[in-house]
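Here the structure is laid out as C-alpha cells; the discussion comes afterwards.
The values are calculated or read from the model by the stated rules, or taken from the named source; none is laboratory data. Everything quoted here is computed from the prediction, not taken from an experiment. As a convention, Cβ positions derive from the backbone with ideal geometry for all residues, glycine included, and neighbour counts pool all protein chains shown. Protein only, heavy atoms only, side chains kept; ligands, DNA and RNA dropped before computing areas. Shrake-Rupley method; radii C 1.70, N 1.55, O 1.52, S 1.80 Å.
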Amino acid sequence: MSVIVNAKAPYDLQVEHYHGDVLAIRTATPRISWKYDGHVADSDEVELQITRHMPGQAGTVESIVTEPVNNVLFAWPLDPLVSREQVEVKARLVDGDTKGDWSQTLKFDEGILEYWELQSSFVGPSWPEAETDHRHLPLVRNEFTLKDTPVYARLYLSALGLVEGHVNGKQIGKDILTPGWTAYDDRLECWTYDLVGDLKAGQNAFGFYLGDGWYRGRIGFKGGKANVYGDKIGVFAQLEVTYPDGTSEQIFSNSHDGLWKVTKGPITQSDLCEGETYDSHLEKDGFDQPGYDDADWLPVAQIPFDRRKMEFPILPPVRANMVNKPISIKKIREYDGKADWQVDFGQNCTQRIDLHITNAQDGDVIELQHAEVLESDGSLSTRPLRRGQQIDQYISNGSDAHFEARFATHGFRYAEIRGWRGELTADDMQCKVYFSDMLQTGTFESSNENVNRLDDNALWSMRSNFVSLPTDCPQRDERLGWTGDISLFSPTAAYFYDVEGFLSSWLQDVSHEQKRLGTVPFYVPFIPFAEWTEPQGIAIWGDSAVRVPWAIYMASGDKEMLAKQYETAKGWIDEVKGYLSEDGVWDRKPAYSLGQLGDWLDPTAPADDPVKAMTEKNLVATAFYANSCDMFVKMGHELGKDDEADEYTKLAKHVHLGFKKRFFNDKGIMTSDTQCAYALAIAFGLVDDDPEIKEFAGHRLALLVRRAHGKIGTGFAGTPYILPALTETGHMDEAYQLFLSEECPSWMYQVKMGGTTTWERWDSMLPDGSVNPGVMTSFNHYSLGSVADWIHATVGGLKPTAPAWHQFEVAPRPGGNLTSAKASHETPFGTAKVEWNYTDGKLSVSVDVPYGATAKVDIPGYDTVELRDGHYENSFDYQAS
C-alpha cells in the first residue's frame with residue numbers, strides 16, 4: 001500500500017545550517033533550504049520572496065523562481081549582503097496562476113563582515129593578579145544614555161575568558177560558557193544578542209560577570225596548565241542601536257572614557273572542573289541597573305587582542321535544554337543543626353544544580369559535590385575525578401537565594417549537598433542539563449527496553465560531551481577535544497543531531513592545529529600535557545581529519561564544507577603516506593612513549609595500561625589509513641577533483657593490497673586472530689576483491705564471537721565495526737548474541753549495571769559494584785556508544801547511502817527476540833522513517849520517504865524496491881535470527 005499526499009506550503013526554512021531565525025551570520029552569500037510536507041507536482045515551481053533592508057530603513061522586495069529540487073542549500077540568488085543587513089525570506093509553490101500558501105517567514109541578520117568595524121576593546125580588572133589559580137573574579141559595569149527607545153539594538157559580545165551579560169537588571173540571553181572554547185590563538189567567537197525591548201530612553205546599564213574559563217583557567221590532567229592563552233580576562237561589548245528617526249548610535253567597551261568600571265564580585269574562585277565558590281556577602285545588588293553607586297569601583301584596564309581573530313559563530317550556543325529532578329533524597333549525616341544529604345537525579349550528564357536556599361544563617365557554607373556513580377559503600381565516587389573534584393560552595397548572608405554555578409559545569413548523576421539546615425526536598429532544587437543547542441534529528445525505539453536504554457545512553461553521552469566542542473568526558477580534569485573519539489562516533493552523532501555547524505566549527509581548529517603543528521594532534525585545541533606534549537600522527541585520532549568531514553557530508557550534503565576541509569584531509573593522507581613501508585603498511589612508530597594507540601581499551605588491557613591490546617597496532621593503523629584513503633578518494637570525486645582522486649585511488653589500492661598480504665596468511669587466518677582484526681578487514685572493504693577470503697573472514701569472526709560466549713573483544717577501534725561486519729557477512733545470530741549479551745564485557749552489561757550513559761571502559765564498574773581501579777575511568781564517554789549506528793541501520797533499518805540522505809536504505813534485520821522497532825531521521829529533505837513489526841514469521845514494514853529522496857527497501861528473499869516520496873506499507877515472509 002502507498003499513500004501520496006500533495007504538498008501545501010514549504011516549511012522549515014533555514015539559512016545555512018542554522019535552525020530558526022538567527023542573528024549575525026558570517027557569510028555575505030548565504031544558502032537557503034526548505035522542505036515540503038508532501039508530494040510536489042512536476043508542474044510546480046517554487047517562488048522565494050526575499051526582503052532585505054538596513055536597520056531602520058525601508059526594504060526592497062525581490063522574488064526568485066526556481067525548481068522544487070533546489071530546496072537543499074540553494075545558492076544565494078541576489079547581490080551579496082553587507083554588514084548588519086536584515087533579511088526576511090518566505091517560500092511558496094506556484095503552478096502557473098495557481099499560488100500556494102506562503103511558508104512561515106525566516107528572518108536573519110548579516111554579521112559584521114570587516115574586522116575594523118569591531119571597534120570595542122576587551123576590558124577587565126585593573127588590579128594586580130599574582131595568582132595563577134583560584135583568582136577572585138571581577139564584575140564590569142557601564143552606564144549609558146539613549147536619546148530614545150531604539151527600534152533596533154544589537155549587542156556584539158565576547159570575552160577573553162567567559163562572560164555572562166546583564167542589561168537593566170536582566171540577564172542577556174540564555175547562553176552559558178560564552179564565548180565557548182576555540183583555538184584562541186587563531187579565532188575567538190563573537191555572539192550577538194537582540195536587545196530591543198530591554199533598552200529604554202534615558203539611562204541604561206550593562207553588568208558583566210567574568211570567569212577564567214579555558215582562556216586562563218587551569219586545563220587538563222596531571223596537574224594541567226593555567227594561563228594557556230593569557231593571564232588577563234576581559235569583556236568585549238559593542239552595542240549598536242537605531243532610533244525611530246533613523247539615526248543610530250554605537251557604544252563601545254573601552255578603558256579611556258572613564259565610564260567602564262570594575263570591581264571584585266561575589267565569585268571568589270571558579271574552575272571549570274574543580275568548581276566554584278560564591279560569597280553572597282560580596283554581591284553588588286543592582287550593579288547591572290542604572291543609578292547604581294559605583295564610586296568605589298576602579299576604572300577598567302584594556303587587554304590587547306587582535307580583533308582580526310574575531311568571528312561570528314556557526315555553531316549553536318551552550319544552553320539549558322532539559323531539566324532533571326531528584327528521584328531520591330536521603331540524609332547521610334547530621335551535625336550542629338545542619339545535615340548532609342545525598343541526591344540522585346536519575347541521569348548522568350552535564351548539568352548544574354539550581355538550588356533554592358532557604359533557612360540558611362549568615363556565614364553558613366553550603367557545599368555541593370558531584371559524582372557520576374557511588375562506591376560500594378554508598379559514598380560518592382570521587383577518585384576518578386582526579387583534580388576535578390566538582391565542588392561548588394555558597395557562602396550565605398542569611399537571605400533566601402537561588403544558587404547555580406556560573407562558570408563551571410559538572411558531569412554527574414549523584415550529588416551531596418552539605419551544611420543544609422532543615423529538611424531538603426525535591427522542591428528545593430532542579431538540575432539544568434546543558435549542551436550545545438543543536439536540533440535533534442534522530443530517534444529510535446524497539447520492543448526491547450534494554451536496547452532502548454543502550455541507545456539512550458549513547459545519546460546522553462553525546463549531549464554531555466557536545467558542550468562547545470566534542471570532548472571525551474564531562475567530569476574529570478580532562479574534558480578535551482580528543483580527535484579519536486569523534487573520529488569513530490561522528491556518523492552516530494550525525495544521526496542523533498544536526499551537527500553540521502557544531503562539528504564544522506571544531507574542524508576549523510583541527511585545520512589550524514594541523515598547520516601549526518605539522519600533524520593532526522591527539523586533541524583539539526591542542527595544549528601540551530605530560531606524555532602528550534609532542535604531537536604525533538597516530539591512526540584513528542589523526543584520521544578524524546578525513547572521517548569527521550565525510551560523516552558531516554553524508555548527513556548534510558554540504559559541498560562547501562567538504563571543500564573547506566579538503567586540504568586538511570589531504571594533508572593527513574600525504575603525511576601518513578610518508579610513514580608507510582614499501583608494501584603499503586603503516587609500520588612507523590610515532591615518536592612518543594605510547595606509540596600507536598591501536599585498539600585502545602581492548603577489554604583484555606590492564607586497568608592502568610590501556611594500550612596493551614590483542615590486535616597488532618600496525619594492523620589497526622593500516623586498516624584505518626586504507627579506509628581514510630577510500631573516503632578521501634570519494635571526497636575528490638564529490639568535489640570534481642577527478643584527476644587527483646584517480647591518483648589517490650592508486651595509493652588506496654596499494655594500501656589495501658599491502659594490508660591483505662601482510663596480515664592474512666595463505667589459509668585466510670589473520671596475524672592477529674582477533675575480533676577487531678576481522679571486523680576492520682570486513683567493514684572497511686579490505687577483502688572485498690576476494691569473496692572467498694571475505695567469506696572465511698566472516699566465518700572466523702563469528703567463530704571468535706561464539707568462542708567468547710558472546711562477549712565483546714574489541715576496544716575503541718573495533719567496536720563500531722564488529723556488528724556491521726557480522727551483518728555484512730550474514731552472521732546475524734552471532735551479531736545479536738554479541739549485541740544482547742549481559743556478561744562483562746558487553747554493551748548490555750553496562751545497562752544491567754544501571755548505566756545511564758556510555759562508559760569509557762567496558763568494565764568501568766566491576767561486577768561486584770566497585771569502580772574500576774584504573775586512574776582513567778569515566779562513566780560518560782560516547783566512543784563505545786558508536787554501536788548506536790548499527791542499531792539505527794540494522795535494528796531500526798534506516799541508513800543513508802548518499803550525501804544528504806538523497807538516497808537511504810531500508811534494511812531491518814529483526815533478531816534477538818525483538819518484535820518491533822522504529823527509527824526516524826530528519827534529513828535535509830524531510831523526515832525519513834521506518835517502522836516494523838514481526839509476528840509469526842511475518843515482517844510488516846512501513847516507510848516514509850520525503851520529497852527529493854529515494855529509499856531502497858532490502859528484505860532478504862525479495863527483490864530490492866526503490867521508493868520515492870510518500871508513505872508505504874508492506875508485509876514479507878521472514879525468518880528472524
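How would His256, His281 line up by accessible area, probe 1.4 Å, largest first? Write out the running numbers ahead of the final one.
Working: His256 155, His281 90 Å².
My answer, sorted largest first, is His256, His281.
Given the Cα-Cα distance of Thr604 and Tyr335 and 0.36 nm per residue of separation, how much length would full extension add, in nm?
The Thr604-Tyr335 span can extend by a further 92.2 nm.
Taking segment 88-176, which trypsin sites (Lys or Arg not before Pro) meet the DSSP loop condition and have no more than 16 other C-beta atoms within 10 Å?
Lys147, Lys174
Please report how many Lys pairs in segment 46-176 have alpha carbons closer than 21 angstrom, counting only residues at least 8 apart along the chain or sitting on separate chains.
4
Can you give the FRET efficiency to the nearest 0.05 for Thr649 and Asp858, using r as the Cβ-Cβ distance and R₀ = 25 Å? Write down the numbers at each step before the final one.
Values: r = 28 Å, r/R0 = 1.10.
FRET efficiency, Thr649 to Asp858: 0.35.
Evaluate the charge dipole of the chain about its Cα centre and quote only its size in Debye, nearest 20, assuming +1 on the Cβ of each Lys and Arg and -1 on the Cβ of each Asp and Glu.
It comes to approximately 1240 debye.
Can you run phi through the Karplus equation (6.51, -1.76, 1.60; θ = phi - 60°) for segment 446-458 and list ³J(HN,Hα) in whole Hz, with x for Gly and Pro?
So the J values, rounded to whole Hz, are 9, 6, 9, 5, 5, 5, 4, 5, 4, 5, 4, 4, 5.
Show me the ranking of peptides 573-580, 474-481 by mean Cβ neighbours inside 10 Å, starting with the highest.
On the way: 573-580: 17.0, 474-481: 25.6.
For the peptides 573-580, 474-481, the packing ranking is 474-481, 573-580.
Rolling a 1.4 angstrom probe over the protein chains, ignoring ligands and nucleic acids, what is the accessible area of Cys744 in square angstrom, nearest 10?
Rounded to the nearest 10, the figure is 40 Å².
Among 424-436, 763-775, what's the highest-first ranking by average C-beta atoms within 10 angstrom per residue?
Ranking, from highest mean packing down: 424-436, 763-775.
So if each residue of separation counts as 0.36 nm, and I subtract the Cα-Cα distance between His699 and Asp186, what length gain in nm does that give?
Length gained between His699 and Asp186: 179.6 nm.
Loop only per DSSP, at most 16 neighbouring Cβ atoms within 10 Å: give me the GluC sites (Glu not before Pro) in segment 248-321, ordered by residue number.
Filter output for segment 248-321: Glu283.
Cut-off under 17 Å on the C-alpha distance; same-chain residues fewer than 8 positions from Lys856 excluded. Which lysines are left, in chain and number order?
Lys856 reaches Lys799, Lys822, Lys833.
So how exposed is Asp101, as accessible area in Å² (1.4 Å probe, rounded to 10)?
It works out to around 100 Å².
Run the simple label-point estimate for Ser248 and Val775 please: 7 Å along Cα→C-beta, distance reported in nm.
Between Ser248 and Val775, the label points sit 5.6 nm apart.
Straight-line reach from Lys232: which lysines have Cα under 17 Å away, leaving out those fewer than 8 places along the same chain?
Lys261, Lys264
Could you tell me the relative contact order of the chain? Use alpha-carbon pairs under 8 Å, at least six residues apart, and round to a whole percent.
Relative CO of the chain lands at 10 percent.
Quick check: residue separation of Asp133 and Tyr579 times 0.36 nm, minus the Cα distance between them. What number comes out in nm?
156.4 nm
If I ignore ligands, DNA and RNA and count only protein heavy atoms, how much of Ile366 is accessible to a 1.4 Å probe, in Å² to the nearest 10?
So the heavy atoms of Ile366 present about 0 Å² to solvent.
Listed here are the pairs Lys331/Lys752; Lys667/Lys694; Lys617/Lys661; Lys617/Lys653; which of them are more than 19 Å apart at the Cα? Write down the numbers at each step before the final one.
Working: Lys331/Lys752 27 Å; Lys667/Lys694 12 Å; Lys617/Lys661 16 Å; Lys617/Lys653 21 Å.
Result: Lys331/Lys752; Lys617/Lys653 exceed 19 Å.
Please express the Cα-Cα pair-distance distribution P(r) of the chain as a list of whole percents, one per 10 Å bin, running from 0 to the bin with the greatest distance.
2, 12, 20, 24, 21, 14, 6, 1, 0
Note down the relative contact order for segment 807-877 as a percent, whole number, built from C-alpha pairs under 8 angstrom at least six residues apart.
30 percent
Can you pull the percent of Cα pairs in segment 115-315 with separation above 32 Å?
Working: 2571 of 20100 pairs.
Summing the P(r) of segment 115-315 above 32 Å gives 13 percent of all pairs.
Exactly which chymotrypsin sites (Phe, Trp or Tyr not before Pro) in segment 76-118 are in a DSSP loop and have at most 14 other Cβ atoms within 10 Å? Don't skip to the end; give the middle numbers.
On the way: sites: Trp102, Phe108, Tyr115, Trp116; in loops: Trp102.
Sites meeting the loop and neighbour criteria: Trp102.
Could you name the aspartates and glutamates in cross-link range of Lys325, using Cα to Cα under 13 Å and dropping any fewer than eight places away on the same chain?
Within the straight-line cut-off, Lys325 pairs with Asp344, Asp354, Asp427, Asp428.
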